[in-house]
Amino acid sequence: MPHRPKSLLIRVRLQRTRDELYAVHVGAGILPSLPGLVRALLPAHRIFLVTDSNVRRFHGQNLLALLRRAGLPAHLLAVPPGEKSKRRQVKARLEDRMLDLGGGRDSLVLALGGGMVCDLAGFVAATFHRGVPFIPIPTTLLAMVDAAIGGKTAVDHPRGKNLIGAFHQPCAVLTDVEFLATLNEREFRSGLSEVVKTAVVGDPDLFGRLERSPSTILSRHPEAMMKLVSACCRVKVRVVEADARDSGLRAVLNFGHTLGHALEHHLRYRLSHGEAVAIGMALEARAAEAARILKAGEAGRIVAVLEKLGLPTLLPKGVSPARVLETARRDKKAERGEVRYALPRKIGEMTRRRDRHTFPLPDRLVLSVLSDRS
Ligand SMILES: NC(=O)c1ccc[n+]([C@@H]2O[C@H](COP(=O)([O-])OP(=O)(O)OC[C@H]3O[C@@H](n4cnc5c(N)ncnc54)[C@H](O)[C@@H]3O)[C@@H](O)[C@H]2O)c1
Ligand SMILES: [Zn+2]
C-alpha cells in the first residue's frame, strides 16, 4: 500500500503583528512537502540548511537532494554535534560561510536538528542582515515538543546557558515524526520527560494516554507519535500565544526544572536534561503535594508515569540534598536567593495566584523529599 503522509496544522497567533502568524505542520512522512511550503511562503534566493554532522548523515543529505531536485538554491552547512556548538564562535563561522555563498536579505534559514541546531540556526537567522526568515525542522522529540516552538533563539556563554540570544519567530515549523526512528533510546526518553511535563502543565487527556499505554509510546509508532507531538505543540502554542516574550506565564513550562536544572548542574551534566527534569518533576510534585498545593494522589501518578517510561525519579546516590538546594538558590530563576517553583494544582493545571506562576516552598520540606530515597 502506498505510504500516505498524514498531517495536521496548529496555528500560532501572537498578538502584536500579523506577520507573526505561522503554522506548525505536524505529520508522519511530510518532509517532501517542504519545497512546496517554502515556495508558498517566500521567494528565497539562497536557502541555508543548517544541521549537525550526525543529523546530516541520517537526514541532511536527503533533504538537500530533495530541495535541489525541486530547483531550490540550497546549501548544507553542518556544525559538530552537541551543546558545545551552541556558541558565538560557531555562529560567526556560519555567518561567514553564508556571506561567502552570497547570502543576502532574501535568504532563508532551515534548522534541521535537535534543540541545539534550532537555537543556534534560529539565532543566526535573527541577526543575519538584521533578521531573515527561518523554518525549524526538529528531529529530536525534545525539539518537536519544546525548542522548535516559541521563537526563543540563543547561544551559550561560558557564564551560562542561553545568555546571548533573541526572540525570532519562525515563519513555519515542519515537524515530521518519522525523524524519531533514528533517535537513540536515551535521547528519545529524554524527550518523553518534556512530554510528561507538558501533559502535567496543560493536557490531562495526554497524561491519561501516557498512563494507559506507555508501551505504544515507547514503540514510537508514527500515528502515536503524531498524536503525542501535536498535543504537546498545542499546549506550548497556547502558552506562547499568551506570553510571547516570556514575561510571566511561560514560567509554568518550568515545572520540574528548578530542581532539575540544579541537579543537571550539580552532576556536571552526567544526567541528560530530560533525566534531570524527570527527577525534578518527581521531587517537586511530592513537595507540592506535601505543601497541599497539588491535589492528593497526583504526585504518585506523576512518579508512576515517569517510571513506566523508563525515567529516573529519585535523587542519585551520593548526591547531597543540601548541596542541590544550594545550587538551586544560585540559579538565575531564584529571586534574591529565594528558590521558586512552577507547581501543578492538579494534573493538567498549573497553580496561579494573581499574576504569579512560581512559588517558594519551605526548605525543610524540599530537603525532606530530596532525602527520601525509597
Ligand atoms: N528555544 C527553546 O525554547 C528551547 C527549549 C528547550 C530546549 N532548548 C535547547 O535545546 C537543546 C537541547 O536539544 P536536544 O535535546 O534536541 O539536543 P541536541 O540538538 O544536541 O540533539 C541531541 C543529539 O541527538 C542527535 N540527533 C538529533 N536528531 C536526531 C535524529 N533524528 N536521529 C539521530 N540522532 C539525532 C544530535 O546530533 C545530538 O547528538 C539545548 O541547547 C536547550 O537549551 C531550547
Ligand atoms: Zn526542559
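Look at segment 176-196: where a residue is touching a residue at least 40 places away in the same chain (Cβ under 8 Å) and a partner is among the acidic types (Asp, Glu) and within 16 Å of ligand 2 (Cβ to nearest atom), sitting 6+ places away or on another chain with Cβ atoms under 8 Å, you get Arg189/Glu275; Ser190/Glu275; Ser193/Glu275; Glu194/Asp146. Scanning segment 143-185 for residues that are touching a helix residue (DSSP H, G or I) at 6+ places or on another chain (Cβ under 6 Å) and part of a loop (DSSP other than H, G, I, E, B) yields Ala148, Ile149, Gly150, His168, Gln169, Cys171. If you go through segment 122-142 and pick out every residue that is within 15 Å of the chain's Cα centre (by Cα) and either within 16 Å of ligand 2 (Cβ to nearest atom) or not in a strand (DSSP E or B) (or both), you end up with 6. Each residue in segment 98-116 was checked for being within 16 Å of ligand 2 (Cβ to nearest atom) and assigned to a helix (DSSP H, G or I), and 2 of them qualify. Cβ-Cβ distances below 6 Å connect the following pairs, each with a first residue in segment 353-370 that is under 11 Å from Ala291 (Cβ atoms) and in contact (Cβ under 8 Å) with a residue 60 or more places away in the chain, a second residue that is of a type in the set (D, E, K, R) and part of a helix (DSSP H, G or I), and a separation of six or more residues or different chains: Val369/Arg286. Checking the structure you have, find out if any residue of segment 60-77 is buried (at least 21 other Cβ atoms within 10 Å of the Cβ), within 12 Å of ligand 1 (Cβ to nearest atom), in contact (Cβ under 8 Å) with a residue 40 or more places away in the chain and not in a strand (DSSP E or B). Yes; the residues of segment 60-77 include at least one that is buried (at least 21 other Cβ atoms within 10 Å of the Cβ), within 12 Å of ligand 1 (Cβ to nearest atom), in contact (Cβ under 8 Å) with a residue 40 or more places away in the chain and not in a strand (DSSP E or B). Please identify the pairs in which a residue from segment 253-279 that is free of Cβ contacts under 8 Å to residues at least 24 places away in the same chain has its Cβ atom under 9 Å from the Cβ atom of a residue that is more than 10 Å from ligand 2 (Cβ to nearest atom) and of a type in the set (Val, Ile, Thr), counting only partners at least 6 apart or on another chain. So the pair list comes out as Gly260/Ile279.
Here's the yes/no breakdown for (1) in contact with a helix residue (DSSP H, G or I) (Cβ under 6 Å, 6 or more places away or on another chain); (2) within 20 Å of Ala125 (Cβ to Cβ):
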| residue | (1), (2) |
| --- | --- |
| Ile30 | no, no |
| Leu37 | no, yes |
| Leu42 | no, yes |
| Ile47 | no, yes |
| Val50 | yes, yes |
| Phe58 | yes, no |
| Leu63 | no, yes |
| Ala74 | yes, yes |
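Within segment 267-294, if we keep just the residues that are surrounded by 22 or more Cβ atoms within 10 Å (Cβ to Cβ), within 16 Å of Leu325 (Cβ to Cβ) and not small (Gly, Ala, Ser), the residue that is farthest from ligand 2 (Cβ to nearest atom) turns out to be Arg286. Scanning segment 341-374 for residues that are in a strand (DSSP E or B) and in contact with a Pro (Cβ under 6 Å, 6 or more places away or on another chain) turns up just one, Met350.
The set of residues from segment 136-150 being near ligand 1 (Cβ under 8 Å from one of its atoms) and of a type outside the set (A, V, I, L, M) comprises Pro138, Thr139, Thr140, Asp146, Gly150. Restricting Val117, Val90, Val132 to those that are surrounded by 24 or more Cβ atoms within 10 Å (Cβ to Cβ), on the phi < 0 side of the Ramachandran plot and more than 8 Å from ligand 1 (Cβ to nearest atom) reduces the list to Val132.
Here, each number is a calculation from the coordinates, and none is a lab measurement. Here the structure is a predicted model, which is why all the values come from computation and not from measurement. FYI the Cβ positions are ideal-geometry reconstructions off the backbone, even for glycines, and counts take in every protein chain you see.
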